[in-house]
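Read through the structure below, which is laid out as structure tokens, and then see the notes.
The values are calculated or read from the model by the stated rules, or taken from the named source; none is laboratory data. The structure displayed is predicted, hence computed values, not measured ones. As a convention, Cβ positions derive from the backbone with ideal geometry for all residues, glycine included, and neighbour counts pool all protein chains shown. For accessibility, only protein heavy atoms count, side chains too; no ligands or nucleic acids. Shrake-Rupley method; radii C 1.70, N 1.55, O 1.52, S 1.80 Å.
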Amino acid sequence: MNEISSKVEETRMNFGYMGKILIADLSAREIREETIPDHVYEQYLSGMGLAACILYDRIPAGADPLGPENIIGFVSGLLTGTGSLFAGRWMVVGKSPLTGGWGEANCGGSFSPAIKRCGYDGIFFTGISEKPAYLYVNNGVAELRDASHLWGRDAVESEAMLIAETSANSRIAVIGPAGERLSLISGICNDRGRMAARSGLGAVMGAKRLKAVVLDGKKRIDVHNRAEIKRLSQICNRWVQFQPPIFAGPVTAYVGALMRILPVQMAMDGMVYKMLLKKWGTGAMNQMSVEMGDAPVRNWQGSNVDWGIKKSLSVNPDAIRRYEKVKYHCYACPLGCGGICVTKGKYGETHKPEYETVLSLGGLCMNADIDSIFHLNETLNRAGMDTISAGSTVAFAIECYEAGVLTKKDTDGLELTWGNSEAIVALIEKMIRREGIGDILADGSKVAARKIGKKAEASAMHAGGQELPMHDGRNDPGYNVHYSVEAAPGRHTVGAQMYYEMFQLWKVAKGLPRVKPLYFKGRKYVANEEKAVTAALCSKFMNIVNCAGLCLFGVFLGAKRTPTFSWLNAATGWSKTPEEYLDIGARIQTLKQAFNIKHGIDPRSFRPGDRVTGKPAQTEGANRGRSADMGKLITDYYRQFGWDPETGRPTEESIDRLRL
Amino acid sequence: MAYRITDKCNGCGACSRLCPADAITGNKNALHVIVADRCIECGACGRICPAAAVNDPFGISCAMVKRSLWERPQFDRMTCMSCRICIDACPVHCLGLSDVSTPGDPHGRPYMANERACIGCGFCVRECPVEAITMAVSQ
């Protein structure tokens, strides 16, 4: 059978991608397939690049993100289903109601291969359904079904009901009550609570009255050279499985403290990070990040001084791991950083809370109650609300309350003080139900600040409306650059100086800056051109990663150990060089930027507030005295793509050069 | 490329009942047809056909094999990395993933959850990146 399959594959034309998309017009209740020409894949790959191409062309300028003209797309990756490791990510794209511009959210789980098994590289929705509906694709037949009975139910419950009424093998992306109630910080779930959380795209689904996308396909995904992909995957897997015994969880805090104290820093090798992820998941960094200054504390006002080792001990990696009953792997992942945890309370079980969740509901709100974090993790996943934005918005509300901008009357009697876990839980439940103060906060901190008025805006920590993740740009200014310059701002999954160190792109592509193995920390804050070059390379490379459907943690291993470009060539039969792929990354970056310009976004408005960029610099803690010249870093970044350095608008020349 | 049914077909319907992709149509006792667009080339129709009426994509006639002699996946736990690719590749979804860890192994591992459903297509073997699955006749 295997030999026959190999021979069949040799005679096929499209490899790696399916060559088709599905478009559903919810207003007209029409579904159609569309064939995508090969040259589009050659120029934009698949996944996010394909989505950028479609959304730029088809969403009219000025379209209301919650209106019928907006398009929401679910795209798989070019490497998904090819045998390449870490290739299980799917992406949701659309015009973001949170930022008003390009919106994207990325998620693992099992939904990505299901899109391709149905024969598509992406599924797109336009229009608004008259009644709640879900799309069911089964064995080549797509239909819109009534979802009235699911409306109001949480994501996990809805998933179980959809499996019962379709097939035990259905893969489901679904919104919870937050998306239905058009919360601008809502996301989309799959696999019992894994979230494509950012950019508020759950609200776009809610506005379209699209409850879920249910897929059950069996198509084969053909590749050009499966033997080569397997060979590359086996080499990669050997790196992943190399796991020497490492220290106990609470020691991570002291490692972080040591990193804080030392005047020098070692360039990060992804193998170190991988070992931490394999043992604990992202929670490995819960204490370490606080100690080294990577995690914001007390709504970005505090530091490790306020949230020291003793206070954060309750969220140390071992404390989280005690709840884990089995590791959770996304599709095609050899690492398994996730976990299924057994918890107290009404839910009984939850996905292991990620670092971002623990810190946004923990240190950012000064909340050390681990049970409340587990409870909120599951509550927010089920509601389909972004844990980063929810935690940040609660921290914003607490700061307003402490400063007297909000009173007890405004909070419906809640004592919103730092670390009051009962009040935090109650507030988030109100946000999900859009009840009282919760209705004001359910759309994130920027909208809430505008509604509250007074001095509230100074407490809203966001970039272009999107709440900031738990990585402090005062520790690594690369984060602040990407929070400010990306088409979907305020996201930590694109770049940082540490990311460039781990990507090790200079090992596979010519002429790229190398990283010194040891350097003085002060160098991180020097706003020279090399910082812009490496930041632009991170953006370009992550576009390729998101086109391929790869996981960020996979590519952290380094470009040689996780052979992204070689996998792409082996899957498609192309013979592109890494430099050519990076050019494709630049093309996609410029197209996303052009999408924002088309929709009236001023790229300069994405820059986060002065507190986040260290103006004035903190006077104590790990990031004491740290800030960088963001203006220069941002204009230098724009130059790397040939955009206007002052306005961030792509120039005619840059558009011509990239053959957009 | 797809499997094809020849005029040797006696219309017994065994292939259409087994086909995981619902790619075979035809009335009882009449010639059956494989819809090429839907065929996933699993070969189950060829293995079940008592009249040797199925040709593979290269035109070679498939021989019937007694179902109890079909090869089925065997997992090497030491090589397996729990990536779930095999579970996704299976067109009849006969594989499961254990949802509890065992002492010294915190990862869930794939196992044959429904042996009767297995059609012996070998897609799990084909897609496993680390060669942790082999096909063998169950004892």
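Per residue of peptide A:329-336, the mean number of Cβ atoms on other chains within 10 Å of the residue Cβ is 6. Compute for region A:181-271: radius of gyration divided by Kirkwood radius, i.e. Rg/Rh, restricted to C-alpha atoms, rounded to two decimals. Ratio of gyration radius to Kirkwood radius for region A:181-271: 1.16. The mean number of Cβ atoms from other chains found within 10 Å of a Cβ in peptide A:211-220 is 3, as a whole number. Highest-first packing order for the peptide set A:400-408, A:66-74, A:236-244, A:438-446 is A:438-446, A:66-74, A:400-408, A:236-244, based on the mean count of other beta carbon atoms within 10 Å.
Once you charge only the Cβ atoms, +1 for Lys and Arg and -1 for Asp and Glu, what is the size of the charge dipole of the protein assembly as shown about its Cα centre, to the nearest 20 debye?
Details: 95 positive and 83 negative charges, 231 e Å.
Taking the Cα centre of the protein assembly as shown as origin, the dipole is about 1100 debye.
Based on the Kirkwood radius over alpha-carbon pairs, what value in µm²/s does the Stokes-Einstein equation return for the translational diffusion coefficient of chain A at 25 °C and 0.890 mPa s? Working shown, then result.
Values: Rh = 24.5 Å.
In µm²/s, the coefficient is 100.
Seen from a random direction on average, the alpha-carbon convex hull of region A:580-660 projects onto 6.5 square nanometres.
Mean sequence separation of contacting Cα pairs (under 8 Å, at least six apart), scaled by the length of region A:512-615, corresponds to a relative contact order of 27 percent. Helix screen, chain A: DSSP H segments with Cα axial length of 20 Å or more and mean Kyte-Doolittle hydropathy at least 0.0 are A:387-402, A:529-548.
Measuring only protein heavy atoms, the 1.4 Å probe finds A:Arg434 accessible over about 60 Å².
From largest to smallest, the equivalent ellipsoid semi-axes obtained for region A:70-142 from the alpha-carbon gyration tensor read 23, 18, 9 Å.
Dipole magnitude of region A:1-155 about its Cα centre, charges +1 at Lys/Arg Cβ and -1 at Asp/Glu Cβ only, in debye to the nearest 20? Each step should come with its number before you reach the end.
Values: 13 positive and 18 negative charges, 62 e Å.
With only Lys, Arg, Asp and Glu charged at Cβ, the dipole is about 300 debye.
Set the bar at 30 Å for Cα to Cα. Now go through A:Lys278/A:Lys560; A:Lys230/A:Lys576; A:Lys20/A:Lys278; A:Lys278/A:Lys310; A:Lys211/A:Lys352 and name every pair that lies beyond it.
On the way: A:Lys278/A:Lys560 19 Å; A:Lys230/A:Lys576 19 Å; A:Lys20/A:Lys278 36 Å; A:Lys278/A:Lys310 25 Å; A:Lys211/A:Lys352 25 Å.
Table pairs above 30 Å Cα-Cα are A:Lys20/A:Lys278.
Have a look at B:Ala53, B:Val35, A:Ala212 and report the one farthest towards the positive end of the charge dipole of the protein assembly as shown, computed about the Cα centre with Cβ charges (Lys/Arg +1, Asp/Glu -1). Farthest towards the positive end: B:Ala53.
For the protein assembly as shown, the share of accessible area belonging to carbon and sulfur comes to 52 percent (1.4 Å probe, ligands and nucleic acids excluded).
As an exercise, take the mean of 1/r over every pair of distinct alpha carbons in region A:179-219, invert it, and state the Kirkwood radius in angstroms. Before the final figure, lay out the partial values.
Details: mean 1/r = 0.0939 Å⁻¹.
Roughly 10.6 Å, rounded to one decimal.
Between A:Val425, A:Ile340, A:Ala532, whose Cα lies farthest towards the positive end of the dipole of the protein assembly as shown when Lys and Arg beta carbons carry +1 and Asp and Glu beta carbons carry -1, centred on the Cα centre? The residue sitting farthest along the positive end of the dipole is A:Ile340.
P(r) for region A:104-263, from all Cα pairs and a bin width of 10 Å, is 10, 30, 25, 17, 15, 4, 0 %, short bins first. Once the convex hull of all Cα atoms in region A:156-203 is built, its volume per residue stands at 59 Å³. According to the calculation over all Cα-Cα pairs in region A:1-146, the P(r) per 10 Å bin from zero is 11, 38, 36, 11, 3, 0 %.
Chain A against chain B buries an accessible area of about 3400 Å², both chains summed, 1.4 Å probe radius.
What fraction of the Cα pairs in region B:87-139, stated in percent, has a spacing above 17 angstrom?
Values: 542 of 1378 pairs.
The share of Cα pairs beyond 17 Å in region B:87-139 comes to 39 percent.
Stick to Cα atoms and the Kirkwood definition of Rh, then tell me Rg/Rh for region A:508-641. Kindly include the intermediate steps, with their values, before the conclusion.
Working: Rg = 17.4 Å, Rh = 17.2 Å.
A ratio of 1.01.
A simple charge model with +1 on the Cβ of Lys and Arg, -1 on the Cβ of Asp and Glu and nothing else charged puts the dipole of region A:242-373 at about 300 debye relative to its Cα centre.
The share of Cα pairs per 5 Å bin across region A:451-547, counted from zero up to the longest distance, runs 2, 12, 22, 21, 17, 11, 6, 4, 2, 1, 0 percent. Each eigenvalue of the Cα gyration tensor of region A:251-376, multiplied by 5 and square-rooted, gives one semi-axis; in descending order these are 24, 20, 10 Å.
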